[in-house]
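Following: one structure in structure tokens, then a few remarks.
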Amino acid sequence: MLEYFFGKIKLPKKETKEGDALWLNPKADKQMDKVVHKKYAPINEIQIQQMEQDLQRISRVVFPDWYRSFLQYANGLSLYYGAISLYGLQKVERSNPEWESPSSLYLENLSRHKHVPKEWLFIGCYCYDGTEIVIDTNKEESDIFCLYNETDKVICSWKNFDEFLFTETKRLELLYLQHPWGWLDIKSNTLPVGHKDKN
């Protein structure tokens, strides 16, 4: 699914000088804050194991095989101007504080709500209001769902990661294409259907 999604995006695309993100910009906007998608360079199995072990100090999370495969394809994503952000291993480049890197999977889970199940893994969020994207690693199918950050209420769910990525990118793509200036206002409500606007 990821290969299909990024494969259909045509050039130009550019690697940042600040880090290992690939900027994907179908509309050829030259402004860096108008980059449509960011795909962070993959990490290896050793790095994935270390990240999993770090998380197991604060949870009972075991990465599903599909999630390990995702991290080996992309160490996090930023889709449609950051409307959806998927976390990864946050790398620190001491020589350059502007190093392009995803939000930290470990830190985002460290700040998790204390009363949620320890098997839940917070893998991303919606920029609009921080509504979290979660997988339940205790389930064999590892379903994925949205958890509204103010009430811990599940507002939407998907059978698997491919379904989540397919339906959400299609939905956001329509919003993106409908905008008169050809960009997506992430300050407006970009959450899945079923959630009321916070205003």
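The values are calculated or read from the model by the stated rules, or taken from the named source; none is laboratory data. Keep in mind it's a predicted model, so treat the numbers as computed, not measured. In this analysis, Cβ positions are derived from the backbone assuming ideal geometry, glycine residues included, and neighbour counts consider all displayed protein chains. Ligands, DNA and RNA are stripped out before the accessible areas are found, and what is left, the full protein with its side chains, is counted by its heavy atoms. Shrake-Rupley method; radii C 1.70, N 1.55, O 1.52, S 1.80 Å.
Which ones in the stretch 149-199 are part of a loop (DSSP other than H, G, I, E, B), open to solvent by less than 30 Å² (accessible area, probe 1.4 Å) and at pLDDT 70 or above? Listed by number, the residues that qualify are 190, 191, 192. The stretch 1-103 holds strands (runs of 3 or more DSSP E) entirely within its bounds, and those carrying 1 or more residues that are modelled with pLDDT of 80 or more map to 37-40, 77-79, 84-86.
For the stretch 137-148, state whether one or more residues are open to solvent by 10 Å² or more (accessible area, probe 1.4 Å), modelled with pLDDT of 90 or more and closer than 30 Å to residue 174 by Cβ. No, the conditions are met nowhere in the stretch 137-148.
Are any residues in the stretch 155-169 touching a residue at least 40 places away in the same chain (Cβ under 8 Å), of a type in the set (Asp, Glu) and farther than 14 Å from residue 84 by Cα, and if so, which ones?
Result: 162, single match.
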